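Structure first, commentary second.
The values are calculated or read from the model by the stated rules, or taken from the named source; none is laboratory data. What you see is a predicted model, and the numbers here were worked out from it, not measured in a lab. No Cβ is skipped: glycine too gets one built from the backbone with ideal geometry, and neighbour counts run over all protein chains shown. Protein only, heavy atoms only, side chains kept; ligands, DNA and RNA dropped before computing areas. Shrake-Rupley method; radii C 1.70, N 1.55, O 1.52, S 1.80 Å.
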Amino acid sequence: IADIVKEQGFSTAAFIGGVTLQDSACGLNRNFDVYDDAFTYSPDDMSRPGKEVTQKAMEWISAQNGPYFAFVHYFDAHFPYTPSPPWDTQYDPTYTGSIDGSDAVLRPFRDGQKSPTKEDVEHVLALYDGELSELDQTIAPLLESLDSNTLVVVTSDHGESFEHGYYFNHRGGLWDGITHVPLIIRGPGVTPTRIKNQVGLIDVLPT
C-alpha cells in the first residue's frame, strides 16, 4: 500500500508498537516517509505502550495538509496478557488461583509442559479480553480525531488459542480462534454491510 500511494503523491508514515515490525526485524520501511519504530522495551513484553503509538500517530496526522497513508500498529492485545487496572480484574474479579498473564507463569503452558485447569483458562481469557478492552480505549482518540473523508481499516494478523490443548499461543495452529480476525472498513462511499463470504488479509489491498 505504501508503494502504491507514494506514487500517487501521498505522505506516508508508520507507527510501530511491537518489536516484530521494527525495521531491523522485517525491513518494512520501504516508501514510508516516516517509520517510527525506535523505542525501548522489556524482553518480557516486547511492546511499546499503545498510548504512545496513538499520540505519535495523531501528531503526524494533524500536521498533514494533503492526502496521507498512516499505518498504526499496536502490540498491546498480545501475549503476555497483562492489562492495566481496572481491566486486569474487569472480566474475572473472583478468580483466586495462582495463574496470571505473565510470560514467567504461562511459558510452561505455552510450551505444552503443563496443562491449565478450566478455571485457569477462563481467567487467562479474561485477562486477554481485558487487554482488548484497554486497547479499544487506547485507539479511540485516534479514531475520533479522523474526519469523514478518511478511509479506516482495522484488522489483525492473528488471534490467540485458548483451547484444543494448545494454550496461550498462536504460532502452531490454524483454529478459528487464531485465524478468525477482525476486518472493519469505514470510509466515504462505504455502505455499512457484513460480508458473509470468507475473506482474508490478502484482500485488504485490492479492496
Inset, instruction - Could you grab the relative contact order for the chain? Cα pairs under 8 Å, six or more apart, rounded to a whole percent. - result: 17
Inset, instruction - Give the percent of DSSP beta bridges with both residues in the chain that are antiparallel, rounded to the nearest 5. - result: 50
Inset, instruction - Could you work out the relative contact order of the range 109-207, using alpha carbon pairs under 8 angstrom and six or more residues apart, expressed as a whole percent? - result: 28
Legend entry - Protein accessible area in the range 51-155, 1.4 Å probe - carbon and sulfur %: 51
Legend entry - Filtered trypsin sites (Lys or Arg not before Pro), the range 14-109: DSSP coil and at most 14 other beta carbons within 10 Å: R30
Legend entry - Overall form of the range 66-166 per C-alpha gyration tensor (a/c, 1.5; a/b vs b/c): prolate
Legend entry - Cα centroid separation - the range 55-77 against the range 104-154, whole Å: 21
Legend entry - Full-stretch length increase - N31, N149 - with 0.36 nm per residue and alpha-carbon distance subtracted: 40.2 nm
Legend entry - Correct choice for Rg and Dmax of the Cα atoms in Å that was computed from the model, options [x] 21.6, 65; [y] 16.7, 48; [z] 18.5, 57: [z]
Inset, instruction - Let me have the 222 nm mean residue ellipticity of the chain computed from DSSP H runs of 4+ only, each contributing -39500 (n - 2.57), with the sum over all residues rounded to the nearest 500. - result: -9000 deg cm²/dmol
